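Colleague: Next up is a structure, given as C-alpha coordinates.
The values are calculated or read from the model by the stated rules, or taken from the named source; none is laboratory data. Owing to the predicted nature of the structure, the values given are computational and were not obtained by experimental measurement. Every residue, glycine as well, gets a Cβ built from its backbone with ideal geometry; the counts of neighbours run over all protein chains shown. SASA here: full protein model, heavy atoms, side chains in, ligands and nucleic acids out. Shrake-Rupley method; radii C 1.70, N 1.55, O 1.52, S 1.80 Å.
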Amino acid sequence: MRVLIASDHAGYELKQLVAEYTGNRGHEVVDLGPASGEAVDYPDFAHELAARVGRGEAERGILVCGTGIGMAMAANRHTGVRAALCHDAFTAEAARRHNDANVLCLGGRVTGSGVALQIVDVFLAAPFDGGRHDRRVHKIDLNS
Ligand code: RB5
(Lines give C-alpha, C1' and ligand atoms only; values in the text may rest on other atoms or scores of the structure.)
Protein backbone atom coordinates (compact mmCIF):
# COMPACT_ATOMS: atom_id res chain seq x y z
CA MET A 1 0.00 0.00 0.00
CA ARG A 2 1.23 3.56 -0.75
CA VAL A 3 1.24 5.59 2.44
CA LEU A 4 1.99 9.33 2.70
CA ILE A 5 3.24 10.61 6.04
CA ALA A 6 3.87 14.08 7.44
CA SER A 7 4.06 15.87 10.77
CA ASP A 8 4.93 19.12 12.47
CA HIS A 9 7.76 19.55 14.99
CA ALA A 10 5.66 18.13 17.85
CA GLY A 11 4.99 14.97 15.86
CA TYR A 12 8.39 14.70 14.22
CA GLU A 13 9.85 11.93 16.42
CA LEU A 14 6.75 9.75 16.19
CA LYS A 15 6.58 10.37 12.42
CA GLN A 16 10.13 9.06 12.02
CA LEU A 17 9.28 5.95 14.03
CA VAL A 18 6.01 5.31 12.18
CA ALA A 19 7.63 5.86 8.77
CA GLU A 20 10.38 3.35 9.48
CA TYR A 21 7.96 0.84 10.98
CA THR A 22 5.50 1.14 8.09
CA GLY A 23 8.27 0.76 5.51
CA ASN A 24 9.54 -2.34 7.29
CA ARG A 25 6.02 -3.80 7.04
CA GLY A 26 6.34 -3.72 3.25
CA HIS A 27 4.44 -0.53 2.47
CA GLU A 28 5.66 2.20 0.12
CA VAL A 29 6.12 5.17 2.43
CA VAL A 30 6.44 8.71 1.08
CA ASP A 31 7.66 11.14 3.75
CA LEU A 32 6.39 14.66 3.02
CA GLY A 33 8.38 16.16 5.87
CA PRO A 34 9.46 18.00 7.81
CA ALA A 35 13.06 16.80 7.63
CA SER A 36 13.90 17.93 11.17
CA GLY A 37 12.24 18.82 14.45
CA GLU A 38 12.45 22.58 13.81
CA ALA A 39 9.22 24.47 14.42
CA VAL A 40 6.78 24.48 11.47
CA ASP A 41 3.05 25.13 11.04
CA TYR A 42 0.99 21.93 11.04
CA PRO A 43 -1.63 23.11 8.46
CA ASP A 44 1.06 23.43 5.78
CA PHE A 45 1.85 19.73 6.08
CA ALA A 46 -1.73 18.61 6.59
CA HIS A 47 -2.90 20.42 3.44
CA GLU A 48 -0.06 19.04 1.32
CA LEU A 49 -0.77 15.46 2.38
CA ALA A 50 -4.56 15.75 2.25
CA ALA A 51 -4.53 17.31 -1.22
CA ARG A 52 -2.53 14.34 -2.48
CA VAL A 53 -4.78 11.76 -0.80
CA GLY A 54 -7.83 13.62 -2.16
CA ARG A 55 -6.37 13.36 -5.69
CA GLY A 56 -5.86 9.64 -5.21
CA GLU A 57 -2.06 9.72 -5.15
CA ALA A 58 -2.03 7.30 -2.21
CA GLU A 59 -4.49 5.00 -0.52
CA ARG A 60 -3.66 6.22 2.99
CA GLY A 61 -2.06 9.10 4.81
CA ILE A 62 -0.71 9.48 8.32
CA LEU A 63 -0.38 12.89 10.02
CA VAL A 64 1.26 13.49 13.37
CA CYS A 65 1.23 16.69 15.44
CA GLY A 66 1.22 17.29 19.18
CA THR A 67 -2.37 16.21 19.72
CA GLY A 68 -3.46 15.14 16.22
CA ILE A 69 -6.30 17.65 16.48
CA GLY A 70 -5.00 20.43 14.25
CA MET A 71 -3.91 17.96 11.59
CA ALA A 72 -7.39 16.37 11.54
CA MET A 73 -9.10 19.77 11.33
CA ALA A 74 -7.00 20.86 8.36
CA ALA A 75 -7.05 17.53 6.50
CA ASN A 76 -10.83 17.24 6.76
CA ARG A 77 -11.26 20.46 4.73
CA HIS A 78 -10.35 18.42 1.65
CA THR A 79 -13.06 16.70 -0.34
CA GLY A 80 -12.66 12.94 -0.32
CA VAL A 81 -10.44 12.99 2.75
CA ARG A 82 -11.71 11.30 5.87
CA ALA A 83 -9.17 11.99 8.59
CA ALA A 84 -9.60 10.24 11.93
CA LEU A 85 -7.86 11.12 15.17
CA CYS A 86 -7.27 7.78 16.87
CA HIS A 87 -6.07 7.08 20.38
CA ASP A 88 -6.23 3.29 20.43
CA ALA A 89 -6.74 0.20 18.29
CA PHE A 90 -10.51 0.27 18.89
CA THR A 91 -10.98 3.74 17.42
CA ALA A 92 -8.61 2.91 14.56
CA GLU A 93 -10.61 -0.19 13.66
CA ALA A 94 -13.92 1.67 13.83
CA ALA A 95 -12.45 4.49 11.74
CA ARG A 96 -11.67 1.99 9.00
CA ARG A 97 -14.68 -0.33 9.25
CA HIS A 98 -17.38 2.32 9.75
CA ASN A 99 -15.91 5.56 8.38
CA ASP A 100 -13.56 4.32 5.65
CA ALA A 101 -10.96 6.71 7.07
CA ASN A 102 -8.11 7.29 4.64
CA VAL A 103 -5.99 9.56 6.83
CA LEU A 104 -4.88 8.64 10.34
CA CYS A 105 -4.03 11.46 12.77
CA LEU A 106 -1.86 10.77 15.80
CA GLY A 107 -0.83 12.91 18.75
CA GLY A 108 2.89 12.68 19.40
CA ARG A 109 2.44 14.30 22.83
CA VAL A 110 -0.53 12.10 23.69
CA THR A 111 -0.01 8.57 22.39
CA GLY A 112 2.96 6.43 23.36
CA SER A 113 4.99 4.76 20.63
CA GLY A 114 3.79 1.21 21.38
CA VAL A 115 0.13 2.14 21.14
CA ALA A 116 0.81 4.34 18.11
CA LEU A 117 2.32 1.44 16.16
CA GLN A 118 -0.60 -0.79 17.16
CA ILE A 119 -2.97 1.90 15.82
CA VAL A 120 -0.99 2.08 12.56
CA ASP A 121 -1.15 -1.72 12.14
CA VAL A 122 -4.93 -1.73 12.53
CA PHE A 123 -5.43 1.37 10.36
CA LEU A 124 -3.47 -0.17 7.47
CA ALA A 125 -5.00 -3.65 7.75
CA ALA A 126 -8.68 -3.23 8.65
CA PRO A 127 -11.15 -3.17 5.74
CA PHE A 128 -14.13 -0.88 5.20
CA ASP A 129 -17.31 -2.80 6.06
CA GLY A 130 -19.42 -1.06 3.39
CA GLY A 131 -23.18 -1.74 3.41
CA ARG A 132 -25.05 0.77 5.55
CA HIS A 133 -21.76 2.53 6.29
CA ASP A 134 -21.22 3.21 2.58
CA ARG A 135 -24.41 5.30 2.42
CA ARG A 136 -23.39 7.27 5.49
CA VAL A 137 -19.83 7.87 4.32
CA HIS A 138 -21.19 9.24 1.02
CA LYS A 139 -23.17 11.81 3.03
CA ILE A 140 -20.02 13.24 4.63
CA ASP A 141 -18.81 15.36 1.69
CA LEU A 142 -21.24 18.26 1.21
CA ASN A 143 -20.60 18.55 -2.52
CA SER A 144 -20.86 14.87 -3.46
C1 RB5 B 1 2.29 22.63 18.33
O2 RB5 B 1 2.69 23.24 19.51
C3 RB5 B 1 0.87 22.08 18.49
O4 RB5 B 1 -0.04 23.12 18.61
C5 RB5 B 1 0.52 21.18 17.32
O6 RB5 B 1 1.46 20.18 17.21
C7 RB5 B 1 -0.83 20.45 17.37
O8 RB5 B 1 -0.99 19.79 18.58
C9 RB5 B 1 -2.00 21.22 16.94
O10 RB5 B 1 -3.12 20.69 16.89
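Colleague: For the chain, what does the relative contact order come out to in percent, with C-alpha contacts under 8 Å and a separation of six or more?
Modeller: 24 percent
Colleague: Over all distinct Cα pairs, what is the inverse of the mean 1/r for the chain, reported as the Kirkwood hydrodynamic radius in Å?
Modeller: It is 14.7 Å.
Colleague: Over the range 43-144, with every protein chain in place, what whole percent of the accessible area is carbon and sulfur at 1.4 Å, could you tell me?
Modeller: The C+S portion of the solvent-accessible surface of the range 43-144 is 51 percent.
Colleague: Picking from 103, 22, 12, whose Cα lies most toward the positive end of the charge dipole for the range 2-122 (charges on Cβ: Lys, Arg +1; Asp, Glu -1)?
Modeller: Working it through, the farthest residue towards the positive pole turns out to be 103.
Colleague: Would you mind computing, in nm to one decimal, how far apart the modelled labels at residue 36 and residue 89 are, each placed 7 Å from Cα along Cα→Cβ?
Modeller: Those two pseudo-labels are separated by 3.8 nm.
Colleague: Treat every Asp and Glu Cβ in the range 1-126 as -1 and every Lys and Arg Cβ as +1, leave all other atoms uncharged, and give the resulting dipole magnitude about the Cα centre to the nearest 20 debye.
Modeller: Result for the range 1-126 is approximately 360 debye, rounded to the nearest 20.
Colleague: What number comes out for accessible area per residue over the range 1-68 if the probe is 1.4 Å? Units Å², please.
Modeller: Heavy-atom accessible area per residue stands at 46 Å².
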